[in-house]
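A.B. asks: This structure is in C-alpha cells; I'll ask about it shortly.
The values are calculated or read from the model by the stated rules, or taken from the named source; none is laboratory data. Only a predicted model underlies this, so the values are computations on that prediction, with no experimental measurement involved. Backbone-built Cβ (ideal geometry, glycine too); neighbour counts: all protein chains shown. Remember, those area values only see protein heavy atoms, side chains included, never the ligands or the DNA or RNA. Shrake-Rupley method; radii C 1.70, N 1.55, O 1.52, S 1.80 Å.
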Amino acid sequence: MARFKNRVAVVTGAASGIGEAAARLFAAEGGNVVVADVNSARGAQVAEEIGGVFIHTDVTREEAMEALVAASLERYGRIDCMVNNAGMVGAVGSILDTPASYWRATQAVLFDSVFYGIKHAGRAMREQKSGVILSVSSIAGVMGGLGPHAYTAAKHGVVGLTRSAASELSRHGIRVNAVAPGTTVTPLIEEVRGGREQALAGAASVSPLGTALLPEEIAAAMLFLASDAAAHITGHTLLVDSGVTGAGAASGSSVLKGQSMRFVGASHGEG
Ligand code: NAI
C-alpha cells in the first residue's frame, strides 16, 4: 500500500528520532522526502537510504527555512506536507534561575522554527491551493509539569499557533495540525535517561499501556494527518501519548492498577 504516493514531504530534524521515522515512513509509502537537519553526516545518510535529498538547515534562521522551501520546490515542484519537527530539550531548571539567553535559544529551536515553517511552506501551498503542515508539540504542550519551563511554553505555543494558522489557511486549502507525543524512545530521550535500555524502561513505566512509545508510532499518526483520510481535520493537536494525559495524575500510579471490583459510596442502586 502506498499512502503517500508521488507526494512530497519536507521534514525538519529528520536525521534522528521522530523526524527520521517520519521521513522513512513517508518514503516507504511512495513519497519524495526532503531531509532537513543541522546534522549533515547523519542527515545525508538517512536521505541516501530512503532515496530522498538532504538539505542542511538550521531551523532557527528564517532565511534558512525560506531557502529550504525554495530548494524543495526546485527539486520536486511542490510540497504536500511540511513537518516542523526539529527540536531539543533546551533550558532545564528553575524558572527563577533561567537566563534569558537560555530562554530565547529554546524558543528559537522549538517555536520560532514552527512559525518560519508555517509561513514559508504556507506561501508555497497557497500557490498550490493545497497542502498539510504538521508541527510537533508534546504532552508538555497541553499540561504543565511534564517538561522544563521554556520547553513547555514553546510546545504550548505550537498548539496555539496550529489553531490560529489553521483558521486563516483553510481558505487556501491548507490544513495545519500538530502531534503531541508522550515520552518517545529517541536519541533525545536516551541522552536524558543515560542510555537506550533505561529510556525503554522509563518510557514503559510511565505509560498506562505498559509499553514504550516508539518514533514509528508518532510517524504513523503523522502519515494519517497528512493523508486524505484526515481531509476535514485541521487546527487539531493529536495526542499520541499512550494515555498519559488522559490518566493525568493517575498515570503510572497504583490508582489504576490492581484494584478489585467494588462500589465505594452509600448506594449503587442494586438489591
Ligand atoms: P532527536 O534528538 O532524536 O532528533 C532531533 C533532531 O533535530 C536531530 O536530528 C537534531 O540534529 C535536529 N535539530 C536540532 N536542532 C536543530 C536546528 N536548529 N535545526 C535543524 N535541526 C535541528 O529528538 P526527537 O525525540 O526525535 O524529537 C523530535 C521532536 O519531537 C522535537 O520537537 C521534540 O521536542 C519532540 N518531542 C519528543 C518527545 C520524546 O519523548 N522524544 C516527546 C514529545 C515531543
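A.B. asks: What is the Cα centroid distance between the stretch 1-66 and the stretch 80-139, reported in whole angstrom?
C.D. replies: The two parts, judged by their Cα centres, are 16 Å apart.
A.B. asks: Using the Cα centre of the chain as the reference point, and only Cβ charges (+1 on K/R, -1 on D/E), how large is the resulting charge dipole? Debye, rounded to the nearest 20.
C.D. replies: Around 560 debye, computed over the chain.
A.B. asks: Fully extended, how many nm does the chain gain between Ile95 and Glu191 (0.36 nm per residue separation, minus their Cα-Cα distance)?
C.D. replies: Working: separation 96, 0.36 × 96 = 34.56 nm, distance 2.24 nm.
Stretched fully, the Ile95-Glu191 segment lengthens by 32.3 nm.
A.B. asks: Now, a different point. Note down the accessible area of Leu200, probe 1.4 Å, to the nearest 10 Å².
C.D. replies: For Leu200, the solvent-accessible surface is approximately 50 Å².
A.B. asks: Ok, one more. Once you charge only the Cβ atoms, +1 for Lys and Arg and -1 for Asp and Glu, what is the size of the charge dipole of the stretch 151-248 about its Cα centre, to the nearest 20 debye?
C.D. replies: Values: 6 positive and 8 negative charges, 64 e Å.
Charge dipole of the stretch 151-248: 300 debye, to the nearest 20.
A.B. asks: Another one. For the chain, report the accessible area per residue in Å² (1.4 Å probe, heavy atoms, rounded to an integer). Walk me through the numbers on the way to the answer.
C.D. replies: On the way: 12960 Å² over 271 residues.
Per-residue accessible area for the chain comes out at 48 Å².
A.B. asks: Oh, and also: Mind running the shape call on the stretch 37-90? Use the C-alpha gyration tensor, a ≥ b ≥ c as the square roots of the eigenvalues: rounded below 1.5 for a/c, prolate if a/b tops b/c, oblate otherwise.
C.D. replies: oblate
A.B. asks: Run the quick spin-label model on Ser205 and Met261: label points 7 Å from Cα toward the beta carbon, then report their separation in nm to one decimal.
C.D. replies: Spacing of the two 7 Å Cα→Cβ label points: 3.3 nm.
A.B. asks: Given the options Tyr151, Tyr116, Tyr76, state which has the largest fluctuation in a GNM of the chain using a 10 Å cut-off (strictly under) for Cα springs.
C.D. replies: Taking springs between Cα atoms under 10 Å, the residue moving most is Tyr76.
A.B. asks: Can you send over the carbon and sulfur percentage of the accessible area for the chain, probe radius 1.4 Å, protein chains only?
C.D. replies: Roughly 54 percent of what the probe reaches on the chain is carbon or sulfur.
A.B. asks: Mean residue ellipticity at 222 nm from the helices of the chain, using -39,500 (n - 2.57) per DSSP H segment of n ≥ 4 over the full residue count, to the nearest 500 deg cm²/dmol? Intermediate results must be reported in sequence, preceding the final value.
C.D. replies: Numbers: 10 runs with 116 residues, N = 271.
Computed mean residue ellipticity for the chain: -13000 deg cm²/dmol.
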